[in-house]
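**Q** I'd like to ask some things about the structure below.
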Amino acid sequence: MKKGLLVFLSLQLLFLTSCWDSNEIEDLGMIMGIGLDYNGEEKDVFSMTNQYVVPNNIEGTQTGSSGGIPYQNITLNGSNFFQIIRENSLETDRPPNYTHLKSVVFTERLLQQEPLKQLISFFLRDHEFRRTVAIFITKESAAEILAIEPTKEMFPAVQMKELTQNHNRSLYVQDTLKFGEVSKKITEGASFVIPEIGINNGRIRLLGAGIISNKTEKIVGWLTPEEIAGLKWVTDEVSGGLVAIKEKNSEEDQAVLEIMKASTTIEPEMKDGQLTVHLKVKSALRLAEDWEIKRDVFSEGWEEDLKKQGEKVVKEEIEHVITIAQEQQLDYLEFSTWTSIKQPAYWKKHHKEWERIFSQLPVTIDVDFTLTGYGTQDIN
Amino acid sequence: MQTNQHSLPIIIFFISTIIGVGIVTLPRETATIVGQPNMWISVILGAFVAFINALFIFMLMKKYPLKTVYDIAPELVGKWIGKLLNLIFVCYTIAISAFIIRTMAEIVNYYLLDKTPKFVVLLVLVLSCMYLVSTGLPNILLFLQLYFPIILLMFLLLTLLSIKNIEPTHLRPILYLDGSDLLKGVNSTFFSFVGYELLMVLSGEHRLTRWKPVTFILGISIGSVCVIYVLFFILNIGVLSIEELKVITFPTIEMAKAIEFQGFFFERFELLFLFGWIITIFTTLTAYYYSAMLGVCKTVNCKKTFFMNALIGLLILMLSLLPSGITELFSYGTYLNYLSYVALIAIPLLLFLFSFKKGAVK
């Protein structure tokens, strides 16, 4: 009898467990993207756009009625982010949930006014935000960006993050910049660039990048897509793309090389107490598009000329971006990281005056291309 | 007694006891002290110190087969001082239990159950532990063996999923040493290896007297924990970087949060990891709880253990609810370290010295 009671009681443990903190998933307002704007008004300085998922409008779900927009943007103003988030509850019955947040867009004006460190501190402190959220900057208003109808994805916020996944397709696309990486850069006291997003003919488009200074943690300049290419060559992020050569400087004779493989090593060296950086770029390429009629790819040595010109193009790109960075005295080229790794003793002594050293740092660039092929057919 | 049959449960006992909150908080503590990418060397040094200390404790216990520290203390230094020493050791085990479960409660409160009161989280843990401890040491060893594979699996899974997030530049330079900083780090890494001192309690039911098997057991236990710690240090530094480690409260969980596979569905692995990690906290708590209860019972010679069991549970629960917040909790950690010095080094040393004085008699 007593035993039976015990068994009965312990079985209750299985059946009577309740969930203290349960949140029904259909009652949550999943947020895919956040846009942050600057109003400049006295009272409500910031404006925050939350992109809610509207589950009923997602095509393919059972209850889904196709045709509706699967997201809804709610823009509200306030003087701090937490307040704005809680203010959402005055307009929507579903509490916002940020665990599946994909992208955050900052507008340029906001980063001119407030240091990035303070802008993201709330997002890093709260446990709901993941370290993998992608960050973007825009010259438009962030609310507008989030309102653009995406091309292939269901949500603009997802589309943006997915666009940066094309970094192995084009030299102009930077890899996703995540919250975690931004936080790392800030704690390390390094300058860095944020991918820029913009609008092109009513579509979301990746543009260049905004430069964040390590001194003010505000935006201090912009890089064009071409300069992004140079930056990617320096920081060893190239994993695909193309090198276009305009032979003899005329449009008709151009050739396009596809990058198959690329790697860059940054070698800081000490010579008589003077630090010099050697940049060694190695890349394997393939002839992808050829406008030159006379070229005979079956005769030996056809690639020599292309190789030299390709190397020159890349070398110029790299030189250009290094000049810009040195003029700004902002090391977003990761030279400091490699100096601390390769020359730790020097770094320990001089890291406080790195800006000055960096701006006068002699850099030698050595680009080495190998042309591996010309494709399946050569009709020329 | 055959060594092979009996060493595995004891090895598992030690490993489960040693791995606790350290795996989640140690990277930050060490990063603030050492602050260089090769700080995992401190962990290896810490393990070495712990191993030496463990061997020293064994040298003491070897002289008194099938007796615990609670038995030999009154014999060696006199009844009342011995009882005082016992109580200090019990205080240490209770304090360490309270500290680890409070840290766990903070983490559960942050990441899992933000509305459930900490008291309830702690109560559930302590009650179930109370039940397990009341069934005796053989059952505890069985329980630990049951959950050990789950713990290992969870660590392995986290390692495999995190590897692709590692950035090798964060781990370099490896060979540029600043020895003094690394040595300072040992002071904190050493404490993440506490748990082996329960050898002084285990020796009551297991005949641990021969050098070879015991060195083997201690070496394997501390060694494998050291491997796990070094692995997690490398993951933490590689994924988060040193400067970042200094400012993140629970680095390992943040590292688990950085796991994401492109697409939609595989996210929030940290929740899964936390379930496995809570078990490691539970196993650590069990070992210390058992030691505390045994200590009190041996000291006051109580026949019925239930009352003592409940009393210790209550003490641990109350003590763990004492700190008002996480900063205060971490500052208690420093005091706990002093208490560890007493329990791990001072008490064994004192007893060891006295054992020479009376050594011939026993």
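The values are calculated or read from the model by the stated rules, or taken from the named source; none is laboratory data. All figures in this text were calculated on a predicted structure; none of them were measured in a lab. Cβ: placed from backbone, ideal geometry, glycine included. Neighbour counts: every protein chain shown.
**Q** Please work out if B:Phe148 is farther than 21 Å from B:Pro348 by Cα, under 20 Å from the mean Cα position of the chain (by Cα) and either surrounded by fewer than 22 Cβ atoms within 10 Å (Cβ to Cβ) or modelled with pLDDT of 90 or more (or both).
**A** yes
**Q** If you don't mind, there's one more thing I want to ask. For region A:124-143, which residues satisfy the criterion of being modelled with pLDDT of 90 or more, part of a helix (DSSP H, G or I) and surrounded by fewer than 22 Cβ atoms within 10 Å (Cβ to Cβ)?
**A** A:Ala143
**Q** For B:Ile237, state whether it is surrounded by 22 or more Cβ atoms within 10 Å (Cβ to Cβ), within 12 Å of chain A (Cβ to nearest Cβ) and touching a residue at least 60 places away in the same chain (Cβ under 8 Å).
**A** yes
**Q** Those residues that are of a type in the set (A, V, I, L, M) and surrounded by fewer than 22 Cβ atoms within 10 Å (Cβ to Cβ), I need them from region B:203-233; list them, please.
**A** Result: B:Ile220, B:Val227, B:Ile228, B:Val230, B:Leu231.
**Q** Any residue that is at pLDDT 90 or above, within 30 Å of A:Val133 (Cα to Cα) and away from chain A (no Cβ under 14 Å) - is there at least one of those in region B:262-277?
**A** Checked against the condition, which is being at pLDDT 90 or above, within 30 Å of A:Val133 (Cα to Cα) and away from chain A (no Cβ under 14 Å), region B:262-277 yields at least one hit.
**Q** List pairs: first residue in region A:293-320 and over 11 Å from A:Val367 (Cα atoms) and free of Cβ contacts under 8 Å to residues at least 60 places away in the same chain, second residue surrounded by fewer than 16 Cβ atoms within 10 Å (Cβ to Cβ) and of a type in the set (Val, Ile, Thr) anywhere in the structure, Cβ distance under 6 angstrom, at least six positions apart or on different chains.
**A** Nothing qualifies.
**Q** Residue under question is A:Ser22, and the condition is that it be within 14 Å of chain B (Cβ to nearest Cβ), under 24 Å from the mean Cα position of the chain (by Cα) and among the small types (Gly, Ala, Ser); does it hold?
**A** Judged against the criteria, A:Ser22 is not a match.
**Q** If you go through region B:160-183 one residue at a time, how many are surrounded by 15 or more Cβ atoms within 10 Å (Cβ to Cβ) and away from chain A (no Cβ under 13 Å)?
**A** Number satisfying all stated conditions: 1.
**Q** What number of residues in region B:93-131 are surrounded by 19 or more Cβ atoms within 10 Å (Cβ to Cβ) and free of Cβ contacts under 8 Å to residues at least 60 places away in the same chain?
**A** Going through region B:93-131 one residue at a time, the tally reaches 1.
**Q** List pairs: first residue in region A:126-154 and within 14 Å of chain B (Cβ to nearest Cβ) and within 30 Å of B:Val247 (Cα to Cα), second residue among the β-branched types (Val, Ile, Thr) and assigned to a loop (DSSP other than H, G, I, E, B) anywhere in the structure, Cβ distance under 9 angstrom, at least six positions apart or on different chains.
**A** Listed pairs, sorted by first residue: A:Glu128/A:Thr99; A:Phe129/A:Thr99; A:Arg130/A:Thr99; A:Thr132/A:Thr176; A:Thr132/B:Ile259; A:Ala134/A:Thr176.
**Q** Residues that are hydroxyl-bearing (Ser, Thr, Tyr): which helices (runs of 4 or more DSSP H) entirely in region B:152-216 hold 3 or more of them?
**A** So the answer is B:179-191.
**Q** Go through region A:241-268 and give me each residue that's modelled with pLDDT under 90 and either over 29 Å from the mean Cα position of the chain (by Cα) or within 30 Å of A:Trp347 (Cα to Cα) (or both).
**A** Across region A:241-268, the qualifying residues are A:Lys246, A:Glu247, A:Lys248, A:Asn249, A:Ser250, A:Glu251, A:Glu252, A:Asp253, A:Gln254, A:Ala255.
**Q** Follow-up question, since we're still on this one. When the residues of region A:209-240 are narrowed to those that are small (Gly, Ala, Ser) and modelled with pLDDT of 90 or more, which ends up nearest to the chain's Cα centre (by Cα)?
**A** Filtering region A:209-240 for residues that are small (Gly, Ala, Ser) and modelled with pLDDT of 90 or more, the one nearest to the chain's Cα centre (by Cα) comes out as A:Ala209.
**Q** Among (1) on the phi > 0 side of the Ramachandran plot; (2) in contact (Cβ under 8 Å) with a residue 60 or more places away in the chain, there is one condition B:Gly78 misses while meeting the rest; what is its number?
**A** Condition (2) is where B:Gly78 drops out.
**Q** Out of curiosity, is A:Ile293 hydrophobic (A, V, I, L, M, F, W, C) and within 22 Å of A:Phe106 (Cα to Cα)?
**A** Against the criterion (hydrophobic (A, V, I, L, M, F, W, C) and within 22 Å of A:Phe106 (Cα to Cα)), A:Ile293 does not qualify.
**Q** Looking at region B:323-358 only, could you name the residues that are loosely packed, with under 13 Cβ neighbours inside 10 Å and closer than 26 Å to B:Val247 by Cβ?
**A** Hits for region B:323-358 are B:Ser324, B:Gly325, B:Thr327, B:Glu328, B:Ser331, B:Thr334, B:Tyr335.
**Q** Can you give me the number of residues within region A:178-232 that are within 14 Å of chain B (Cβ to nearest Cβ) and either outside any strand (DSSP E or B) or within 19 Å of A:Gln329 (Cα to Cα) (or both)?
**A** 14
Here is a yes/no grid of residues against (1) within 14 Å of chain A (Cβ to nearest Cβ); (2) not in a loop (DSSP other than H, G, I, E, B):
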site: B:Val43; (1), (2): no, yes
site: B:Ala47; (1), (2): no, yes
site: B:Pro74; (1), (2): no, yes
site: B:Ile88; (1), (2): no, yes
site: B:Thr103; (1), (2): no, yes
site: B:Ile107; (1), (2): yes, yes
site: B:Asp114; (1), (2): yes, no
site: B:Val121; (1), (2): yes, yes
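**Q** Give just the number: which of (1) part of a loop (DSSP other than H, G, I, E, B); (2) buried (at least 19 other Cβ atoms within 10 Å of the Cβ); (3) among the β-branched types (Val, Ile, Thr) does A:Thr151 not satisfy?
**A** Every condition holds for A:Thr151 apart from (2).
**Q** (1) crowded, with 17+ Cβ neighbours inside 10 Å; (2) within 21 Å of the chain's Cα centre (by Cα); (3) among the hydroxyl-bearing types (Ser, Thr, Tyr): which one isn't true of B:Thr299, the others all being true?
**A** Going through the list (1) crowded, with 17+ Cβ neighbours inside 10 Å; (2) within 21 Å of the chain's Cα centre (by Cα); (3) among the hydroxyl-bearing types (Ser, Thr, Tyr), B:Thr299 breaks only (2).
**Q** Scan (1) closer than 30 Å to B:Leu240 by Cα; (2) more than 14 Å from chain A (Cβ to nearest Cβ); (3) not in a loop (DSSP other than H, G, I, E, B) for the single condition B:Phe143 breaks and write down its number.
**A** (1)
**Q** Next up: State the number of residues belonging to region A:327-346 that are among the charged types (D, E, K, R) and away from every other protein chain (no Cβ under 12 Å).
**A** Counting residues in region A:327-346 that are among the charged types (D, E, K, R) and away from every other protein chain (no Cβ under 12 Å) gives 2.
**Q** For A:Gln118, only one of the following conditions fails: (1) surrounded by 18 or more Cβ atoms within 10 Å (Cβ to Cβ); (2) over 17 Å from A:Glu196 (Cα atoms); (3) away from chain B (no Cβ under 13 Å). What is its number?
**A** Condition not satisfied by A:Gln118: (1).
**Q** Something else: I'm trying to understand the selection: among the residues of region B:53-72, which are in a helix (DSSP H, G or I) and of a type in the set (S, T, N, Q)?
**A** Result: B:Asn53, single match.
**Q** Restricting attention to strands (runs of 3 or more DSSP E) lying wholly within region A:234-350, give those where 1 or more residues are out of contact with any strand residue (DSSP E or B) (no Cβ under 9 Å at 6 or more places or on another chain).
**A** It comes to A:254-271, A:274-290.
**Q** Considering only residues that are part of a helix (DSSP H, G or I) and among the charged types (D, E, K, R), which ones fall in region B:267-310?
**A** If the condition is that a residue be part of a helix (DSSP H, G or I) and among the charged types (D, E, K, R), then B:Glu270, B:Lys298 are the ones that fit.
Here's the yes/no breakdown for (1) under 21 Å from A:Phe192 (Cβ atoms); (2) out of contact with any Gly (no Cβ under 9 Å at 6 or more places or on another chain):
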site: A:Lys307; (1), (2): no, yes
site: A:Ile324; (1), (2): yes, no
site: A:Gln329; (1), (2): yes, yes
site: A:Ala345; (1), (2): no, yes
site: A:Glu355; (1), (2): yes, yes
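**Q** In addition: Being over 14 Å from B:Ile10 (Cβ atoms) and of a type in the set (S, T, N, Q) is the filter here; which residues of region B:197-252 pass it?
**A** Scanning region B:197-252 gives B:Asn236, B:Ser241, B:Thr249, B:Thr252.
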